[in-house]
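The block underneath contains the structure these notes are about, expressed in structure tokens.
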Amino acid sequence: MNPSVGDELPELVKHPTTRQLVQYAGAQGDFYEIHYDQDFARSVGLPGVILHGLLKASFLGQLLTDWLGVRGTLKRLEVSYRGVDQPGRPYRCRGRVTKVEGPHVELEVWGEDPDGNRTTVGSAVVEIK
Amino acid sequence: MAITSVIDRLRARIGSAAPPITATVEAGHLKRFAEAIGDNNPRWLEEAPPTFLVALAPPSMHLAEAEEYGKGWLNGGNRFEYVEPVKVGDRITATGRVADVYEKTGSSGSLLFIIFETEYVNQHGRTVARLRGTGIRR
């Protein structure tokens, strides 16, 4: 079925843990201490360790590729990190189709904390086969 | 003034490319990356998921000299553009450069923005993806 403007993507809820942040730090090779050292994170004014922005981008990437499957190709993913997120709190990833022009489809995507704050906002372009 | 000179030194690097980094996409690395992001789609055993390229070569240089400004880094945003899929065994060369450096002063103080751009080219000489990232010192 072809996407239409206004279509909502099936929501993806992630449950990040401190363990996952350490796993991600290793897999990405980003060892900045704000992602696993509570004392360091607080020393730079954060409430505690926080999720990597790029981990949140990965969640939104999964939201898109789960929805798209083999129907098409992801051409662009752009995200802005507007707030910090801490492990132990579920992260809801959502999206909506904003434009359809033949095979060219644009979407807005975002990640929400449990209080409903959109701490990551972005857009994507996909091409339907 | 010290802070001004940090910005001047960083601005002098705008446009200049860092030494390219070449790495092969390994099956074990893809698997570990997919596990770390919690995406168990079997497709990612063979193909790079959307953000994998940042794990192959650093997406942004945490420029040591920028650390004279503020007390910590934040990631402001990322933009990935995909040209063709990246598969296990591909040999990718990443070339990064500083695209822009500027300071913004808001209600909560001053922030330094550093815009990084990275181009990823495969073993056939074709661009497979581009990444733009915003590093913030605060």
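Since every read-out is calculated from the coordinates, none of them should be taken as a lab result. Given the structure is predicted, the values throughout are model-derived calculations rather than measurements. Neighbour counts run over all protein chains shown; Cβ positions are idealised from the backbone, glycine included.
What's the average, rounded to a whole number, of partner chain beta-carbon atoms within 10 Å of each residue's beta-carbon in A:16-23?
Partner Cβ neighbours, averaged per residue: 2.
For the Cα atoms of chain B, what angle does the longest principal axis make with the long axis of helix B:27-37, in degrees from 0 to 90, nearest 10? Tilt of helix B:27-37: around 60 degrees.
List the pairs from A:75/A:99; A:56/B:104; A:75/B:31; A:56/B:87; A:75/A:129; A:99/A:129 whose alpha-carbon separation is above 18 Å, in the order I gave them.
Listed pairs above 18 Å: A:56/B:104; A:75/B:31; A:56/B:87.
With the convex hull of its Cα atoms as the shape, the protein assembly as shown has an orientation-averaged projected area of 14.6 nm². Using C-alpha pairs below 8 Å separated by at least 6 residues, the relative contact order for region B:75-126 is 37 percent. Shielding value for A:61-69 is 3, the average number of Cβ atoms from other chains within 10 Å of each residue's Cβ. A simple packing score, the average count of other Cβ atoms within 10 Å per residue, orders the peptides A:115-123, B:69-77 as B:69-77, A:115-123, with the highest score first.
Here residue A:5 and residue B:102 are evaluated by their C-beta separation; at R0 = 25 Å the FRET efficiency comes out at 0.10. Remark: spin-label model distance residue B:14-residue A:38 equals 4.3 nm, labels positioned 7 Å along the Cα→Cβ axis.
Axis of helix B:2-11 versus longest Cα principal axis of chain B: the two differ by about 40°, to the nearest ten degrees. Highest mobility in the GNM of chain B, judged by mean-square fluctuation with C-alpha springs under 10 Å and restricted to B:53, B:63, B:112, is found for B:63. Using 0.36 nm per residue and subtracting the Cα-Cα separation, the extra length available between residue A:128 and residue A:98 on full extension is 9.3 nm. Normalising the average separation of contacting C-alpha pairs (under 8 angstrom, six or more residues apart) by the number of residues puts the relative contact order of chain B at 31 percent. Take B:31-41, B:11-21, A:80-90 and order them by the average number of nearby Cβ atoms within 10 Å per residue, most first; the result is B:31-41, A:80-90, B:11-21. A viscosity of 0.692 mPa s and a temperature of 37 °C, combined with the Kirkwood radius over Cα pairs in Stokes-Einstein, give a translational diffusion coefficient for chain B of 203 µm²/s.
Calculated [222 nm] ellipticity per residue, helices only, for chain A: -7500 deg cm²/dmol; basis is -39500 (n - 2.57) per DSSP H run with n ≥ 4, divided by all residues, nearest 500. For chain A, the Cα gyration tensor yields ellipsoid semi-axes of 31, 14, 11 Å (square root of five times each eigenvalue, largest first, whole Å).
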